[in-house]
Every structure is written in structure tokens, then in C-alpha cells.
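Take a look at the structure set out below.
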Amino acid sequence: MIPRRLIIGLIACAALGACQPKAPEAKSAVKEINFAILPAEGQKSMGPLWEPLLAELSKQIGVKVKPHYASSYTAMIEAMRFDQVQAGWFSALPALDAVRRADGEVLGRIVNAEGADSYQSVLITQVGSGINLERVMKCDKSLTFGIGDAKSTSGYLAPMTYLFTPKGITPADCFKVVRTASHEANANAVANGLLQVGTNNSVGLVFFRRQRPALADKLEVIWSSPPLPESSIVVRKSLDPAIREKMRTFFLTYGTGTGPDADRQRAVLKGLTYGGFKAADDSYLDPIREMEAAETLAAARRGGDKARIIEAQKNFDEVQTKASQRRAVNPDGG
């Protein structure tokens, strides 16, 4: 028989809610943040440019921020997905993947030294080669071609969306050789005559000229894309909200104001070819969503599968409608 005192105690604790299991203790405060950087122009050249900014970010938010140099866009996204990195500098297409697949949230977008929040994908060839866009688009398998990572906005998605896909061209069927490489590797290869044509972008060419001016003089641009959304700062939503807001404030005010600190910050931004950061959410990535949907629809049409075409067309229409609605409310994606 259960003792009367025990019965009374159980009734009382049930009434008071005191018999519930103890809630798990709150997670310990964030002690370190890994910040992902894809050194498209090489870690040796990009490290010294980012590290002063990250050191100052550490001081401002009271948490040590360490650079994490990724080997590829996919590695960068996966690192955030598995919480191996908690924040990072992402170009537009990887930023969209981080939002979709890695618990990512856009804190702000980058603007260049002139205040523009866009850049361009380009095709480059060697000065004096006689190769122009018309020759490239002949697709007679006579040229060698360097393309970017499949997750690269300017190295892959933009040239496919704006140049090749509208003509029904796939690079593998167009060129004698197709090599996948970084912007820096493509620029080096074209300048040295190892490749005849390559993808790059307007920002990458600025970095390349800074690092290798003699080789940069050997390059010419034969095609430029429409404006593309610039890179952004992305953080994991699971990061402490107070830390996220401190980071947002840091980036949106970095290099603003007057005085020695602001001047020093602007010098850091100049090294990165940036003018600063401005507020944004993931709606600023809508042009990338539209480019992706257009590519998917084109691939479905090439395949000829009616069900896939219908599905891709439906997705394309939905993406365009949502993007149009968001632009009507928030033209700047901020």
C-alpha cells in the first residue's frame, strides 16, 4: 500500500507542476565563431585582407572570430550546414544555398567602392588572340575554355543563363576542352596562353590586376553579363540572437562616420574592393532564384520530358511571381 503522505505529496507536486522533468540547462555562451571565406583569389592574398576586419569584429562582439578558408562553394555550404562555421562571406548563389540548406540568414550585402551593390560576370581572352564573342559562339570545338565552380554565380550560373542557354549551347558540346577552376586560375591560364577563353568577374579582375599587373595587361574582356547581386554576409539562425544582432550592427556601421577608426576601417574595405555593407534580407537573392529557375526550365526543355517541363514551368512562374511581389514591396531587397 502506498503511504498516505506520499499520495498527498504526489497530488501537491502535480498541482504545482513541480513533478515535471528538469528543463535542460541553457547552452553555454558562444566562445568562438568560425567565419567562412572562399579565397577565390588565393588564401595567401585574401587572408591579410579579411583578417583585420575579423579581428575587429571579435573585439566588437566579445567573441573570437576565426577565418575558415573553404576549398569550394560546396564545402563552404556544407560546413555551415553542419555548424562547423557559423558565419561567412558568400557570393549570391552559395548564399541562397546556405539560406535553403544550412540554416542561413542574410545579415547584409556588400557594396563596392562606388556604392554599387552589383558586379558582372565576364568572358576573358588573351589580348591579340583574335578571339571575339562571335568566334566563341560558333561552338566548333576549336577553343579551350575555363569555367567556374557549378556553385559560382559569375563563373558558371551567369554565363549559362545569359549567354549559352539562350542559344541552346552546353559548354561540353561547344569547346575542345572545358576546365573547371577558380577565377584566379582562369585568369592565369588565359594570360599565359594555357586556355583561350575563361569566365571571371569584374571584381576578380581588379584583384588580379593588383596581384599580377603584367599578366592582367594580357587580358581583355569580350563579354559582360547584366548586373549580378553582390556578395553578402550570412550567419546561422541558430547563433545566439544577441550575437547575430551585434554582428549585423558591426557590418552595417563598418567604415562609416569620421575619425581615425573610420578611416582605418575604410582602408580595410578598400583592400577588399568594398565600399561597405548595407542592410538586406534573402529577398535580395531573387534574381538568383529567377536565373536558377530559368536554367532548370531550359534543361527540362532540352530533355523533352513533358512532365518535367510542366513542373519546371510551374516553378519558374511561381519564382517570378513571388520575386515581382517582393520587389513591389521592397525594391532594394533590404
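We did not get these values from a lab; they are worked out from the coordinates using the rules stated. Because the structure is predicted, anything quoted here is derived from the model rather than measured. Using ideal geometry, Cβ is built from the backbone for each residue, glycine included, and neighbour counts are taken over all protein chains shown.
The HN-Hα couplings worked out from phi for the range 275-285 by the Karplus form 6.51 cos²θ - 1.76 cosθ + 1.60 (θ = phi - 60°) are x, x, 10, 9, 4, 6, 10, 6, 5, 5, 8 Hz, whole numbers, x standing for Gly and Pro. Between the residues 313, 174, 143, the greatest Cα displacement towards the positive end of the dipole of the chain, with unit charges on the Cβ of Lys, Arg, Asp and Glu, is found for 313.
In this structure, residue 113 and residue 54 have a Cβ-Cβ separation that, at R0 = 22 Å, corresponds to a calculated FRET efficiency of about 0.60.
Think of each Lys and Arg Cβ as +1 and each Asp and Glu Cβ as -1; about the Cα centre, that makes the dipole of the range 287-329 roughly 60 debye.
Net charge dipole, the range 258-315: roughly 200 debye, given to the nearest 20, about the Cα centre with Cβ charges of +1 for Lys and Arg and -1 for Asp and Glu. Under the convention that each Lys and Arg Cβ holds +1 and each Asp and Glu Cβ holds -1, the size of the dipole of the range 118-228 around its Cα centre is about 100 debye. Size descriptors for the range 153-242: radius of gyration and Dmax over Cα atoms are 16.1, 53 Å. Counting lysine pairs in the range 118-228 that sit 8 or more residues apart in sequence, or on different chains, and whose Cα atoms lie under 18 Å apart gives 4. Here the peptides 321-328, 31-38 are ranked by packing, the mean other Cβ count within 10 Å, and the order with the highest first is 31-38, 321-328. Counting beta carbons within 10 Å around each of 311, 230, 292 and listing the fewest first gives the order 311, 292, 230.
Taking one equal scatterer on every alpha-carbon of the chain, how large is log10 of I(q)/I(0) by Debye at q = 0.11 1/Å? Here log10 of I(q) over I(0) equals -0.77.
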